[in-house]
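Chemist: The structure follows.
Coordinate-derived values only; no laboratory data. Quick caveat: nothing in here was measured; it's all calculated off a predicted structure. Heads up, the Cβs are rebuilt from the backbone with ideal geometry, glycines too, and the neighbour counts pull from every protein chain shown.
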Amino acid sequence: MRVLVTGSAGFIGYHLSRRLLADGHEVLGYDGMTPYYDVSLKRYRNAILAQNPRYRFVEAMLEDRETLDRTVSQFQPRIVVHLAAQAGVRYSIEAPQTYISSNVVGTANLIDILKVHRPDHFLFASTSSVYGGNEKMPFEEAERTDFPVSLYAATKKAGEALTHSFAHLNDIPTTCFRFFTVYGTAGRPDMALYKFVDLIERGEPIEVYGNGEMERDATSVDDLVEAIVKLFDAVPVRGRPVPVEGVADSLSPVAPWRVVNIAGGQPVRLMTFIQAIEAALGRSAEKIMLPMQQGDVVATFADPSLLKALTGFVPEKGIEETVGAFVKWYRAYKSGE
Ligand SMILES: NC(=O)c1ccc[n+]([C@@H]2O[C@H](COP(=O)([O-])OP(=O)(O)OC[C@H]3O[C@@H](n4cnc5c(N)ncnc54)[C@H](O)[C@@H]3O)[C@@H](O)[C@H]2O)c1
């Protein structure tokens with residue numbers, strides 16, 4: 001199968017592309033190698049993917065409509081997984097324009113091109129941040145998500161709305177994922193796992209927001225990729241909600257479109273996460289305890305019932321295993337292996 005993965009040099013795109021190549025698919029990666037974090041990590045991931053002859057890569061921005069159009073017309077993907085985005089909640093306070101450009105303009109460009117080339121299934125990465133100010137836990141897909149508390153969340157919510165209109169007008173099956181906190185090897189340097197490991201290894205103190213009480217539904221990237229691949233086959237069909245008692249499907253009443261949480265529904269306290277890192281590194285961290293930051297939310301965890309009903313799968317990998325694998329990867333990466 002020919003699969004287009006936008007954001008293939010990113011953390012999740014890299015893992016997904018690796019998995020698809022291992023499964024025998026042809027993958028076209030599209031990534032603008034944006035400088036949000038160290039581009040050499042993106043090049044490192046992309047070089048690993050490029051070892052496989054079934055991987056092709058186009059380095060360009062989603063905003064470069066001509067290149068995007070040419071890429072899609074030449075490759076004719078059957079499945080498109082749209083992961084490229086300006087990610088990160090905190091940075092959206094500093095650099096709002098990059099979020100509008102990548103997440104809104106970029107997504108609008110892609111779907112406008114895809115309406116001509118008509119993939120069998122279009123899949124788009126949204127985020128748990130769209131649940132914003134919702135207080136009822138766990139988060140269910142069918143709840144209202146009208147109260148974003150960061151511009152990042154607002155642009156992802158816009159992406160959900162844009163892809164809904166795309167699915168409706170063009171009758172192209174579309175699945176939006178809501179990822180929670182994803183972690184694993186070759187992860188992002190702006191996220192807690194990388195930051196903490198890096199600082200502790202260098203003997204520097206770590207800043208612990210929300211006094212370590214914040215809870216996140218941490219999903220191992222291996223489990224996340226497994227869920228994405230399983231969702232390829234859960235193609236939304238208008239008027240055909242998932243026939244499982246007690247599960248509220250988010251399927252649109254007017255389009256082959258649904259949104260699904262990908263997470264295990266087992267939140268981990270930040271302090272527990274730090275202890276797992278300390279155990280994997282074999283040293284303890286000097287901690288600077290700080291209050292929560294603007295735009296952060298105390299707890300996020302998913303109701304994974306819809307994912308389970310659609311795929312039979314729920315992420316469950318333990319933190320010790322994933323944190324341990326990360327530490328091993330980090331040490332090898334830093335030593336240039
Ligand atoms: N990692 C998480 O915990 C998490 C949580 C929720 C949602 N998400 C979403 O999942 C997706 C993948 O996240 P990730 O963690 O792999 O992030 P990432 O930053 O590692 O990957 C995104 C990739 O997209 C590329 N990109 C950004 N803007 C682009 C543009 N305009 N044109 C072309 N390429 C562009 C970047 O160069 C990068 O390689 C994103 O859409 C993100 O918002 C991630």
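Chemist: For the chain, give the share of DSSP beta bridges that are antiparallel, in percent and rounded to the nearest 5; count only bridges with both residues there.
Modeler: Antiparallel bridges: around 5 percent, rounded to the nearest 5.
Chemist: Please order 257, 329 by the number of other Cβ within 10 Å, starting at the fewest.
Modeler: 329, 257
Chemist: So for region 148-232, what are the equivalent ellipsoid semi-axes in whole Å, largest first, each being the square root of 5 times an eigenvalue of the Cα gyration tensor?
Modeler: Calculated on Cα positions only, the semi-axes equal 33, 17, 10 Å.
Chemist: So how do 156-169, 8-21, 132-145 stack up, highest first, on mean other-Cβ count within 10 Å?
Modeler: 8-21, 156-169, 132-145
Chemist: Greater than 30 Å separation of Cα atoms is the criterion. Which listed pairs, 156/334; 115/156; 156/328; 42/317; 156/195, meet it?
Modeler: From the list (156/334; 115/156; 156/328; 42/317; 156/195), the Cα-Cα distance tops 30 Å for 156/334; 156/328.
Chemist: Do any GluC sites (Glu not before Pro) in region 169-258 lie in a DSSP loop with no more than 10 other beta carbon atoms within 10 Å, and if so, which?
Modeler: 245
Chemist: Then there is this: Just to confirm the filter: which trypsin sites (Lys or Arg not before Pro) across region 175-279 are DSSP coil and have at most 12 other Cβ within 10 angstrom of their Cβ?
Modeler: 202
Chemist: Distance from the Cα centre of region 91-134 to that of region 259-337, in angstrom?
Modeler: Taking the Cα centre of region 259-337 as reference, the centre of region 91-134 is 24 Å away.
Chemist: What number, in percent, do you get for the relative contact order of the chain if the mean sequence gap of Cα pairs under 8 Å and at least 6 apart is divided by its residue count?
Modeler: Answer for the chain is 17 percent.
Chemist: Let me ask something else about it. Would you calculate the convex hull of the Cα atoms in the chain and tell me its volume per residue in Å³?
Modeler: Hull volume over Cα atoms, normalised by residue count, gives 122 Å³.
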